[in-house]
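The values are calculated or read from the model by the stated rules, or taken from the named source; none is laboratory data. Quantities reported herein were computed from a predicted structural model and do not represent experimental measurements. Ideal geometry is used to build each Cβ from the backbone, glycine not excepted, and the neighbour counts take in all protein chains shown. The area values use the complete protein model at the heavy-atom level, side chains included, leaving out ligands, DNA and RNA. Shrake-Rupley method; radii C 1.70, N 1.55, O 1.52, S 1.80 Å.
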Amino acid sequence: MSADAMKAAARARSNIALVKYWGKAPGKLNVPAVGSISITLDALWSDTELIFDPAFAADEFMLDGKHRPDQLARISACLDILRDLAGIGARAAVVSRNNFPTGAGLASSASGFAALVSAAARALGLELAPRELSIVARRGSGSAARSIFGGFVEMRAGSAADGRDSYAEPLLAAAEWPLDVVVAVTATGEKEVASGSGMMRCAQSSPFYPAWLETHPADMALCREAIRSRDFEALAEIAEASCFKMHAAAMATRPALIYWNGVTLECIGRIRQLRKSGVPVFFTVDAGPQVKAVCAPGARGAVREALAELPGVVRIIESSLGPGVETRECNS
Ligand code: 2P0
């Protein structure tokens, strides 16, 4: 390693959307077609260490101990934005680790790109405001813009041609409305259709995509209000409705995008039954078969037990709400 190498590390948490991001605006800036509202999870994180070194010939990326050249284009594109800002051309070696399954609908690209840009900005000595980091993280992955922040977070789609108003911002800190999340993992492989290409196909061929776009702003308003007033029942209603609507649009894509398996539906049924019987819990599902049950902290044990006993649930992951990205010096 050269004497003038620049190093830093970051930990960013995964997040799950309560009102979903699904669809992209035209252009190459990865601007979402719709806003979204998410919660950041404490227990699911990406740890990323990064070194810029003038002696490196090219960027390199290792994830969970394996070289991942397939991810390099998106990673280098994010690093290039920061290198330009810093006026530095050095290539980087990036080593990242997820403490949860990658590419399986648990938002590993969200935590991954949020950690990447935060570690890179720190290594380069750039003092970027969180909103600026959010804009750069968005270029890597739309949902990563949200993982810069903790607690309840809103992503604004924005309308500027340069994407400068397409960023996330915090709505409520984790401690202001503590909720827990119980994830029922129903399959551990990487998904067949990445969400980015899934949403593009959906926009091109799903007859329900225009309805998704048209009804989305009202969902955002309802969700914002439910969070502002800490109204669990209203949050449950709007989160489940947004999830069903996104998956309905996806399923009507040609060829169909079916991210669920049979166990996914079993979990959904069980969670709806629990809520009917008075347990404060609701579900959401992203572009993968895992089911995320969001509940009041006092209900966590009952929710875990109900989901763990369902045949086909291979693992339960539990989390409370977590903070935004954290960076540190890196000595390795
Ligand atoms: C979300 N998803 O709001 C939605 C719900 C998946 C389903 O954000 O193409 O990996 O990298 O911008 O961020 C996943 O999309 O997509 C996602 P890209 P990303 O959480």
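Determine whether segment 156-168 contains at least one residue that is touching a Leu at 6+ places or on another chain (Cβ under 9 Å) and assigned to a helix (DSSP H, G or I).
There is no residue in segment 156-168 that is touching a Leu at 6+ places or on another chain (Cβ under 9 Å) and assigned to a helix (DSSP H, G or I).
Among the residues of segment 108-127 satisfying the criterion of being open to solvent by 20 Å² or more (accessible area, probe 1.4 Å) and in contact with a Lys or Arg (Cβ under 9 Å, 6 or more places away or on another chain), which is farthest from the ligand (Cβ to nearest atom)?
This residue is Arg122.
Name the residue that is most open to solvent (accessible area, probe 1.4 Å), counting only residues in segment 231-250 that are of a type in the set (D, E, K, R) and closer than 21 Å to Arg156 by Cα. Reasoning before the result, please.
Taking segment 231-250 first, the residues of a type in the set (D, E, K, R) are 231, 233, 237, 240, 245.
Pick out the ones that are also closer than 21 Å to Arg156 by Cα and you get 240, 245.
Numbers: Glu240: 6, Lys245: 58 Å².
Going through the qualifying residues, I end up with Lys245.
Yes/no per residue for (1) of a type in the set (Gly, Ala, Ser); (2) assigned by TED's automatic domain parsing to the domain that holds Leu133; (3) touching a Gly at 6+ places or on another chain (Cβ under 9 Å); (4) touching a residue at least 24 places away in the same chain (Cβ under 8 Å):
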{"position": "Val19", "(1), (2), (3), (4)": "no, yes, yes, yes"}
{"position": "Gly23", "(1), (2), (3), (4)": "yes, yes, no, yes"}
{"position": "Leu29", "(1), (2), (3), (4)": "no, yes, yes, yes"}
{"position": "Thr48", "(1), (2), (3), (4)": "no, yes, yes, yes"}
{"position": "Asp59", "(1), (2), (3), (4)": "no, yes, no, yes"}
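Filter segment 267-310 down to the residues that are within 26 Å of Ala249 (Cβ to Cβ), part of a loop (DSSP other than H, G, I, E, B) and of a type outside the set (Gly, Ala, Ser) and list them by number.
Val285, Asp286, Pro289, Gln290
Determine whether Thr253 is open to solvent by less than 10 Å² (accessible area, probe 1.4 Å), of a type in the set (Ser, Thr, Tyr) and not in a helix (DSSP H, G or I).
Numbers: open to solvent by less than 10 Å² (accessible area, probe 1.4 Å): yes; of a type in the set (Ser, Thr, Tyr): yes; not in a helix (DSSP H, G or I): yes.
Judged against the criteria, Thr253 is a match.
Which condition does Val153 not pass, out of (1) open to solvent by 20 Å² or more (accessible area, probe 1.4 Å); (2) assigned to a strand (DSSP E or B), if it passes all the others?
Checking Val153 against (1) open to solvent by 20 Å² or more (accessible area, probe 1.4 Å); (2) assigned to a strand (DSSP E or B), the one that fails is (1).
Yes or no: Arg270 surrounded by fewer than 18 Cβ atoms within 10 Å (Cβ to Cβ), touching a helix residue (DSSP H, G or I) at 6+ places or on another chain (Cβ under 6 Å) and not β-branched (Val, Ile, Thr)?
On the way: surrounded by fewer than 18 Cβ atoms within 10 Å (Cβ to Cβ): no; touching a helix residue (DSSP H, G or I) at 6+ places or on another chain (Cβ under 6 Å): yes; not β-branched (Val, Ile, Thr): yes.
No; evaluated as a whole, the condition is false for this residue.
How many residues does segment 116-143 contain that are over 21 Å from Ile227 (Cα atoms) and either part of a loop (DSSP other than H, G, I, E, B) or of a type in the set (Gly, Ala, Ser) (or both)?
16
All but one of (1) away from the ligand (no atom under 12 Å from the Cβ); (2) modelled with pLDDT of 95 or more; (3) assigned by TED's automatic domain parsing to the domain that holds Trp260 hold for Met200, so report the exception by its number.
All conditions are met except number (1).
Do we have Arg224 as under 27 Å from Arg74 (Cα atoms), touching a residue at least 40 places away in the same chain (Cβ under 8 Å) and surrounded by fewer than 20 Cβ atoms within 10 Å (Cβ to Cβ) here?
Details: under 27 Å from Arg74 (Cα atoms): no; touching a residue at least 40 places away in the same chain (Cβ under 8 Å): yes; surrounded by fewer than 20 Cβ atoms within 10 Å (Cβ to Cβ): yes.
Here the answer is no, as Arg224 does not meet what is asked.
Please go through segment 93-115 and give me each residue that is in a loop (DSSP other than H, G, I, E, B) and under 19 Å from Gly322 (Cβ atoms), ordered by number. Lay out the reasoning, then the answer.
Our first condition is that a residue be in a loop (DSSP other than H, G, I, E, B); within segment 93-115, this holds for 99-107.
Scanning segment 93-115 gives Asn99, Phe100, Pro101, Thr102, Gly105, Leu106, Ala107.
What do you reckon, is Ile75 within 16 Å of the ligand (Cβ to nearest atom), part of a strand (DSSP E or B) and surrounded by 21 or more Cβ atoms within 10 Å (Cβ to Cβ)?
Taking the combined requirement at face value, the residue does not satisfy it.
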